[in-house]
Amino acid sequence: MRTNLIVLTALRPELDAHKLPDGIQVFYTGIGKINATITTIQAIEHARPSIIVNFGTVGAVCPEASGLLEIGRVVQRDMIAEPLSPRGRVPFCERPHEYFSAQGTHTCGTGDSFVTSKDPWLQEQGIHVVDMELFAIAAVAHTHGLPWLSYKYVTDFTNEDSGQDWHNKVNHGETLFLEKLSMLQQDLK
């Protein structure tokens with residue numbers, strides 16, 4: 001089955017599939033880079049899209065990040081293999097250490113941990129928000145030669161209240177994303 005675009009989202013509470021416009025499939029990746037990698041590969045094989053759209057929740061690293069953000073760049077925040085390579089880079093790997101979307105201005109740092117405290121490295125790298133899937137989605141999209149877009153809704157501000165804040169706001173970005181998706185769908189026609 002070929003479709004123009006697919007949506008990848010970590011969890012059902014973030015996005016209700018029944019609210020998506022006709023003809024758009026959502027694939028729920030689960031949490032973390034491995035789950036996101038596996039599901040992204042399966043989604044591409046199944047749907048053969050021309051573009052991948054990611055939607056999800058994030059924690060803000062910088063105080064001005066809020067609402068629904070369009071991500072333009074993603075890096076891996078938890079690859080720490082120093083002294084073999086700088087943080088964020090896989091040693092002895094020729095694949096990119098950062099990926100760029102088709103549009104967007106914010107930077108996301110992806111890692112397999114829920115961030116609840118400040119990390120100076122994130123600020124040094126110009127990272128605005130953190131998540132647990134986007135780097136994997138972008139890497140698979142890159143490998144398949146597919147453009148990707150990502151919209152992230154800020155639920156928390158990477159502090160001791162982050163877990164509870166995320167639970168309370170996990171679906172607050174859904175309506176905003178559906179509006180963006182509708183506009184994107186019109187642009188792609």
**Item:** Net length gained if the chain between ILE34 and HIS167 were fully extended (0.36 nm per residue, minus Cα distance)
**Value:** 45.6 nm
**Complete:** Among beta bridges assigned by DSSP with both residues in the chain, the antiparallel ones amount in percent, to the nearest 5, to 25
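Given R₀ = 41 Å, FRET efficiency for LEU11-PHE92 by Cβ-Cβ distance, to 0.05? Each step should come with its number before you reach the end.
Values: r = 34 Å, r/R0 = 0.82.
Result of the calculation: an efficiency of 0.75.
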**Prompt:** What lysines could a cross-link reach from LYS118, if we take a straight Cα to Cα line under 26 Å and drop same-chain neighbours fewer than 8 places away?
**Reply:** LYS33, LYS152, LYS169
**Viscosity 0.692 mPa s, temperature 37 °C, Stokes-Einstein D of the chain from Kirkwood C-alpha radius, µm²/s** = 199
**Fill in**
Residue separation between ASN4 and ASN159 times 0.36 nm, minus their alpha-carbon distance, gives in nm 52.0 nm
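I'd like the per residue volume of the convex hull spanned by the Cα atoms of the stretch 67-173, given in cubic angstrom. The partial results should precede the final answer.
Working: hull volume 10.4 nm³, N = 107.
With only Cα atoms used, the stretch 67-173 gives 97 Å³ per residue.
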**Request:** In whole angstrom, note down how far apart the Cα centers of the stretch 122-189 and the stretch 46-107 are.
**Result:** 10
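If each DSSP helix of 4+ residues adds -39,500 (n - 2.57) and the sum is divided by the residues in the chain, what number results at 222 nm, nearest 500 deg cm²/dmol?
Working: 5 runs with 53 residues, N = 189.
The helix contribution divided over the chain gives -8500 deg cm²/dmol.
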**Prompt:** Quick one: if the Förster radius is 35 Å, what FRET efficiency do SER66 and GLU45 give, using the C-beta to C-beta distance and rounding to 0.05?
**Reply:** 0.45
**Message:** From the Cα trace of the stretch 1-100, what convex hull volume per residue do you get, rounded to a whole Å³?
**Reply:** 130
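Since every read-out is calculated from the coordinates, none of them should be taken as a lab result. No experiment lies behind these values; they were computed from the predicted model shown. Don't worry about glycine lacking a Cβ; one is built from the backbone with ideal geometry, like all the others, and counts go over all protein chains shown.
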